[in-house]
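The values are calculated or read from the model by the stated rules, or taken from the named source; none is laboratory data. Just so you know, these numbers come straight off a predicted model, no measurement behind them. Positions of Cβ are backbone-derived with ideal geometry, glycine not excepted, and every protein chain shown enters the neighbour counts.
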Amino acid sequence: MPEYGNATEYIAHHLGFMKYGQKADGSWGIAHSAAEADAMGFWSIHVDSMIMSLLVGVIFMGLFHLVSRRITSGVPGGLQNAVEMIVEMVQSSVKSTFYGRNDLIGPLALTIFCWIFMMNLMDLVPVDWIPLLAQIIAQDNHAYFKAVPTTDVNITAGFALGVFILTIYYSVKVKGLGGFLGEFAFHPFGKWALPLNIIMEVPSFLAKPVSLALRLYGNMFAGEMIFMVIAVIGYAQLPLHFAWAVFHILIITLQAYLFMMLTIVYLNQAHIEPHH
């Protein structure tokens, strides 16, 4: 690992993303400094977030596929037991919250919970381990690499945007375009207060994906910052790291569960007919 002048430099480096984009000289490649990364602008790609998101996604699918191939009606093993508990939890959540008929909701809720949970789980890995491995592979002692995808607002916004698009799609499909637009124009005060209805309803509707994205991002970013602060303490970091990790397990699980539940709630609202 490279030497850092102080704790501020250490934290600033660990908050940097491995960005791929167009450099000032017109060439394309990985940024090797904060200035070079900033110059790439909005269209740069956070390679680390993409790699870690896809990696944990493949692990998630691989684990569930493995369990489905080896499932037994007898005494289940530890992995099968864990998977069955997760599936039952998701099924219970969907049945108690979603009142429409849509075969997509269950698999979607399961995917969202497991994928986000596993991305959040990367926060429990000591902060230097994955960046160190990335630096060894890249043969660059100063390479940036963030191991927790949900500390990247682009990832959380991508999830939220996907849910938002599905909400609009099913709202129009179930209620019709007129019924969907009517929810903004005629509620809650009826057709005579149409401007007021629009002023009240449109911002609250648009706030849904923003709140989904920022809630997950904010909580995970704060947790990551605490781990980094603990890491610069020195020899006293081990008991503090363990104590915060135990508490953080609750946070990463709760954030995945909340994202899943809000997704179910929003899609349930999309399936409710206007006269209901």
* Structure fact -> The residue that is surrounded by the most Cβ atoms within 10 Å (Cβ to Cβ), considering only those in segment 49-74 that are out of contact with any Asp or Glu (no Cβ under 7 Å at 6 or more places or on another chain) and small (Gly, Ala, Ser), is Ser53
* Give segment 24-35 a look and list any residue that's surrounded by fewer than 16 Cβ atoms within 10 Å (Cβ to Cβ) and either of a type in the set (A, V, I, L, M) or farther than 28 Å from Gly223 by Cβ (or both), or say none. => Ala24, Asp25, Gly26, Ser27, Trp28, Gly29, Ala34, Ala35
* Under the condition of being among the aromatic types (Phe, Trp, Tyr) and under 21 Å from Lys173 (Cα atoms), which residue from segment 83-119 is surrounded by the most Cβ atoms within 10 Å (Cβ to Cβ)? -> Phe98
* Asked: Of the residues in segment 178-201, how many are loosely packed, with under 12 Cβ neighbours inside 10 Å, at pLDDT 85 or above and closer than 22 Å to Val265 by Cβ?
  -> 0
* Asked: Which pairs do you get when a residue that is under 19 Å from Gly218 (Cβ atoms), found in segment 230-253, comes within reach of a residue that is at pLDDT below 85 and in a loop (DSSP other than H, G, I, E, B), reach meaning Cβ atoms under 7 angstrom, with the pair 6+ apart or on two chains?
  -> none
* To do: Could you tell me which of the residues Ala138, Ala160 is surrounded by 13 or more Cβ atoms within 10 Å (Cβ to Cβ), farther than 25 Å from Asn102 by Cβ and not polar (S, T, N, Q)?
  => Ala138
* Count of segment 47-72 residues which are among the polar types (S, T, N, Q) and either more than 21 Å from Ala31 (Cα to Cα) or at pLDDT below 95 (or both) -> 2
* segment 129-159, subset more than 20 Å from the chain's Cα centre (by Cα) and part of a loop (DSSP other than H, G, I, E, B), residue nearest to Ile264 (Cα to Cα) -> Tyr144
* To do: Please specify each residue of segment 140-167 satisfying the condition of being of a type in the set (A, V, I, L, M, F, W, C) and modelled with pLDDT of 95 or more.
  => Val148, Val153, Ile155, Ala157, Phe159, Ala160, Leu161, Val163, Phe164, Ile165, Leu166
* Qualifying residue in segment 185-203 (condition: more than 30 Å from Leu121 (Cα to Cα), without any contact (Cβ under 8 Å) to a residue 60 or more places away in the chain and of a type in the set (Lys, Arg)) -> yes
* Structure fact -> Within segment 263-274, residues surrounded by fewer than 19 Cβ atoms within 10 Å (Cβ to Cβ) and either within 17 Å of the chain's Cα centre (by Cα) or at pLDDT below 90 (or both) come out as Ile272, Glu273, Pro274
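Kindly indicate whether Val67 is more than 30 Å from Leu240 (Cα to Cα) and in contact with a Phe, Trp or Tyr (Cβ under 7 Å, 6 or more places away or on another chain).
No.
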* Asked: From the residues in segment 203-227 that are hydrophobic (A, V, I, L, M, F, W, C), buried (at least 18 other Cβ atoms within 10 Å of the Cβ) and more than 18 Å from Leu267 (Cβ to Cβ), which one is nearest to the chain's Cα centre (by Cα)?
  -> Met220
